[in-house]
Amino acid sequence: MRKAAVLAAAAVVAAAAAIVVRQRLREAKRWARAAAVLCDLQERCAAPAARLRMVADAMDVEMRAGLASEDGSKLKMLVTYVDSLPSGDEKGLFYALDLGGTNFRVLRVQLGGKEQRVIKQESVGVSIPQHLMSGSPHELFDFIAAALTKFVASEGVDYHLPEGTQRELGFTFSFPVKQTSISSGILIKWTKNFAVDEMVGKDIVAELNEAIKRKGLVMKVSALVNDTVGTLAAGRYVDNDTIVAVILGTGTNAAYIEHVHAIPKWHVHLPKSADMIINMEWGNFKSGHLPLTEFDQALDAESLNPGEQIYEKLTSGMYMGEIVRRILLRMAQEAALFGDHTPPKLETPYILKTFHMLMMHHDTSSDLKTVSLKLKEILGIESTSRKTRKLVVEVCEVVARRGARLAAAGIYGILKKLDRVTCSADKPRSVIAVDGGVYKYYTFFGQCMESTLRDMLGEEVASSIVIKPVDDGSGIGAALLAASYSQYLQDDEILA
Ligand code: BGC
């Protein structure tokens, strides 16, 4: 009797042990699968130095092709009609309107010339309702003009508009525009999450002016600028050696100062200066050397603009979080990373923002508390092991590192085009003004980009290249350009 009981107990123990072994085996297999996805990802996203050089060379080649002829390259290399940057002498009251993401901003600034610089400034941000981003131009611009009118009405007595003058506005419009003058331009296409289709091919300043008129506001757009151009102007305002500006935010782009004689496609008129700011629209850069994965290809195919903005889709804030979501979804489906069932929210496109990704990536707590919290809050994943959380961080790291290294290669490409990547005693200092949420808040991204650029340049050349964070180029920079191109300037002031 006792023997039978002992045998029965032994059988139960053996069965339990078998279950544990099976569970462990299953667990090990899941991990092996998840690790295989990660390993494959690391391999495909790798951007070693040699590959980066090829990307940079391709950027240089495409820049030249885009300058040589219209439609000569994926890089539009747009002539901006900005042929001189702020000098510091700008004076007066100017407004700026900044449209380029899910928010737009209006700003006023009182400029006091060389001595007083920016005397006072104020701004308000307004978030754009989702339906207006794909509605009619009329609705979108009426909404913007209403906010602008309200903001102008709140102007205090410490702002001074000279008698007999109209308020002037710098309009930052951060999409590809073929400019027809400093204050007019035709929208080539939308990027990021905008799709107001009727607007494509039309003059956006005319559209804004009409909406301003409908509101009964008296205001004139004196400069239409891309955010990169505004950033270049703001960078130049604080540092005279600024020659390039880069935005790494929801979207990405770069602008730089080019010699007029290096723009063969442009024969409209010669500016008074020998320079012209070029808006590269580098987000649309594409090359066989870019390390693309099946996740990127699927993201692109399902995006609002398939086949377009490929470089932007690898490096910018609108997309990096979405790439991470797609990879985690694959790990959930193939390796049951988050349990037997795929968390339904993980299947929702764009639910995971780059902002969430950076918070998880920057989590330094020993038990990765923030990762756990974000997985729960955003993706509804209730409980995760530390090992799983660590894997999530590694996925973020692979995607961010690739983006940052490619951004560095892009900057290197521009510097190469400008002949600033070799050593010589008389090489001037080159300042690159950088702005945008990804650069500002994603510390890992910014640091990785800078160290990659330094490695590519080598110590000696790197010592003459400065990456400078410039805040609010698309606000202050646009207002400064409105001042530089004010209709009230005397001819001698423009030439000065
Ligand atoms: C736009 C550019 C803009 C960049 C950064 C891109 O999607 O095409 O014009 O400069 O985003 O805002």
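Over the chain, accessible surface divided per residue gives 44 Å², non-protein components excluded, 1.4 Å probe.
Work from the charge dipole of segment 353-481 (Cβ charges, +1 for Lys and Arg, -1 for Asp and Glu, about the Cα centre) and give the residue of 478, 380, 355 farthest towards its positive end. The one lying farthest along the dipole's positive direction is 380.
Its Cα centre serving as origin, the chain has a Cβ charge dipole (Lys and Arg +1, Asp and Glu -1) of approximately 2560 debye. Scanning the chain for DSSP H helices at least 27 Å long along the axis (C-alpha atoms) with a Kyte-Doolittle mean no lower than -0.5 picks out 2-45, 49-68, 386-417.
Note on segment 81-225: antiparallel DSSP beta bridges, both residues inside, total approximately 70 percent of the bridges counted.
Semi-axes of the equivalent ellipsoid of segment 81-225 are 26, 18, 14 Å, computed as sqrt(5λ) over the eigenvalues of the C-alpha gyration tensor in descending order. Computed on segment 81-225, with alpha-carbon pairs under 8 angstrom and 6+ residues apart, the relative contact order is 26 percent.
Centre-to-centre, using Cα atoms only, segment 338-354 and segment 233-307 are separated by 33 Å.
Ranked by solvent-accessible area (1.4 Å probe, protein heavy atoms only, all chains present), the residues 122, 347 order from largest to smallest as 347, 122. Restricting attention to the chain, close to 60% of DSSP beta bridges with both partner residues there are antiparallel.
Shape analysis of segment 160-314 places it in the oblate category; the axes a ≥ b ≥ c from the Cα gyration tensor give an a/c of at least 1.5, with a/b not above b/c.
Within straight-line reach of residue 220, meaning a Cα separation under 14 Å, sit the following aspartates and glutamates at least 8 residues removed in sequence or on another chain: 168, 207, 210.
The P(r) of the chain has a tail past 35 Å containing 39 percent of all C-alpha pairs.
Taking the accessible area of segment 270-319, probe 1.4 Å, and keeping the other protein chains in place, the carbon and sulfur fraction comes to 53%. Taking the protein heavy atoms of segment 81-225 in the context of the full set of protein chains, the accessible area attributed to carbon and sulfur is 51 percent at 1.4 Å. Separation of segment 98-168 from segment 430-455 is 29 Å, based on Cα centroids. Computed with a 1.4 Å probe over protein heavy atoms only, the accessible area of residue 123 comes to about 60 Å². Positive-end ranking of 131, 28, 304 along the dipole of the chain, with charges on Cβ about the Cα centre, is headed by 28. The heavy atoms of residue 142 present about 40 square angstrom of accessible area, all protein chains included, probe 1.4 Å.
The values are calculated or read from the model by the stated rules, or taken from the named source; none is laboratory data. All figures in this text were calculated on a predicted structure; none of them were measured in a lab. So basically every Cβ, Gly included, is an ideal-geometry build from the backbone, and we count neighbours across all protein chains shown. These area figures cover heavy atoms from the full protein model, side chains too; ligands, DNA and RNA do not enter into them. Shrake-Rupley method; radii C 1.70, N 1.55, O 1.52, S 1.80 Å.
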